[in-house]
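Asker: This structure is in C-alpha cells; I'll ask about it shortly.
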Amino acid sequence: MQTRKYLRGYANTPNGQIHYVEKGEGPPLLLLSESPRTHRQFERLIPLLSPHFRVIAPDYPGYGNSDGPPLPVTVDGITQCIVDFLDALGLEKVNLFGIHTGNKVGSCLAANWPQRVDRVVLAGHTHSIIPEITARNAAIQPILDTYLSSYGQNSDGAHLVRDWAVANSNVSSYWWTSKLLYGKSVEAADVEDAESRVIDYLLGWRNTVAMYKAVFAYDLEQSYKKITAHTLILELDTPQETHYGPQAEGIAKMMENATASHIASSYLAAPQEQPDEIVDVILPFLKGASNE
C-alpha cells in the first residue's frame, strides 16, 4: 500500500472553505506559499519539517481547492482569511514560514495579530523582501507583466480569448522549464515539480493578477516595523539580483527580535530545489520556539 504523503482537509471560514494539507505532530507550523502556488510548493519541505512540527499548508482563497477570495483582493483581506482558518482549526498560536507572497501575508499576520504567532520566518529572493514599496514594486513588475494583458474588454469576448492565450503561454513556460529543456540530466523529481507548478497555475490563474496587485499596494515596510515576534529574515541570494544589494540585515534592524540569514539560490523554485538547505537554516531557529 502506498504511504500517504499527508492528511488533507477543508476548514470552514466566513469566506468559504480553505483547503489544506498537514503532516506531523507537535507545535503547529504554518507554511504560506508564493502566488500562484499552493501547498504543492512545499511538497519537499513538509517531509523534512514534519518530524519536528505539525506542519500545516493552506491554499490561499482563490487558489488550489479553496473557495474564492474576498473582493477586492487585499493582503489584509487574505490574512484575515488565514486568521479565520486558524480559528477553524482551533489554533491559537503558530510558528510561521512565508515565502514571497507568503512573506507579505506572514508579515501582516505577525504585525496585526501578534498574539497568534510564535516564531516567524520571512523568506524570499531579494526582490521580494525589499522594504520600500516603490523599489520593491519596480523589482516585481517584470514578474507581474508575464500575467498581464495589455488590452481592454471587447464586446465580442475577444479579450477572453487573449487572456486564455496569455494563460496558455504561462502554462507552457511552467511545463517546459529550463532544467527540462537544457539540463544535462533530468530526474523524475524535475518533472514532478513542473507538473505541480502547472496544476497550481491552472487552478489559480484567474486570481493571480489581483493577488499581485494586492501585493503591490501593501506597505511591507510598515509591517516589518510592527513585528515583535522572534523573526528570521531568510534572503535567497541569486546572481540576477545582486544589483539590489543585500536586504536581510537592514530589515532585521527594523524589528525588535530579528536575525538575518542568506542562502545562495537559483532564481526560481528554492523550496523545491533546495529543501535541505532551507531546513538546515530555519529548523534551529524554529525549534527555539515556545508555545507558552
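Just so you know, all these numbers are worked out from the coordinates, no wet-lab data involved. All values derive from a computational prediction rather than experimental measurement. All Cβ positions, even for glycine, are placed from backbone atoms using ideal geometry, and neighbour counts span all protein chains on display.
Asker: Between Asn112, Asn103, Asn95, Asn137, which is surrounded by fewer than 19 Cβ atoms within 10 Å (Cβ to Cβ), under 18 Å from the mean Cα position of the chain (by Cα) and of a type outside the set (Val, Ile, Thr)?
Answerer: Matching residue, one of Asn112, Asn103, Asn95, Asn137: Asn137.
Asker: List the helices (runs of 4 or more DSSP H) inside the stretch 222-292, counting only whole elements, that have at least 3 residues being closer than 22 Å to Arg37 by Cβ and in contact with a helix residue (DSSP H, G or I) (Cβ under 8 Å, 6 or more places away or on another chain).
Answerer: In the stretch 222-292, the matching helices (runs of 4 or more DSSP H) lie at 270-273, 275-286.
Asker: Under 6 Å between Cβ atoms, at least 6 apart or on separate chains: pull out the pairs that start in the stretch 56-73 with a residue that is at positive phi and end on any residue that is hydrophobic (A, V, I, L, M, F, W, C).
Answerer: Hits for this filter: Gly64/Leu203.
Asker: Just for the stretch 246-275: of the residues that are in contact (Cβ under 8 Å) with a residue 40 or more places away in the chain and more than 20 Å from the chain's Cα centre (by Cα), which one is surrounded by the most Cβ atoms within 10 Å (Cβ to Cβ)?
Answerer: That would be Met254.
Asker: Next up: What number goes with the only condition from (1) part of a helix (DSSP H, G or I); (2) of a type in the set (Asp, Glu); (3) free of Cβ contacts under 8 Å to residues at least 60 places away in the same chain that Asp200 does not pass?
Answerer: Status for Asp200: all satisfied but (3).
Asker: Please state which of the following conditions Ala123 fails to meet, knowing it meets all the rest: (1) over 20 Å from Ala214 (Cα atoms); (2) of a type outside the set (D, E, K, R); (3) within 19 Å of the chain's Cα centre (by Cα); (4) not in a helix (DSSP H, G or I).
Answerer: Unmet condition: (1).
Asker: Of these, Val171, Val209, which one is more than 21 Å from Gly124 (Cβ to Cβ), part of a helix (DSSP H, G or I) and aliphatic (A, V, I, L, M)?
Answerer: After applying the criteria, what remains is Val171.
Asker: Let me ask something else about it. Need the failing condition index for Arg8 against (1) without any contact (Cβ under 8 Å) to a residue 24 or more places away in the chain; (2) crowded, with 17+ Cβ neighbours inside 10 Å, just the number.
Answerer: Of everything listed in (1) without any contact (Cβ under 8 Å) to a residue 24 or more places away in the chain; (2) crowded, with 17+ Cβ neighbours inside 10 Å, Arg8 misses just condition (2).
Asker: For the stretch 106-130, name all the residues that are within 22 Å of Pro239 (Cβ to Cβ) and either touching a Phe, Trp or Tyr at 6+ places or on another chain (Cβ under 6 Å) or free of Cβ contacts under 8 Å to residues at least 24 places away in the same chain (or both).
Answerer: Across the stretch 106-130, the qualifying residue is only Thr126.
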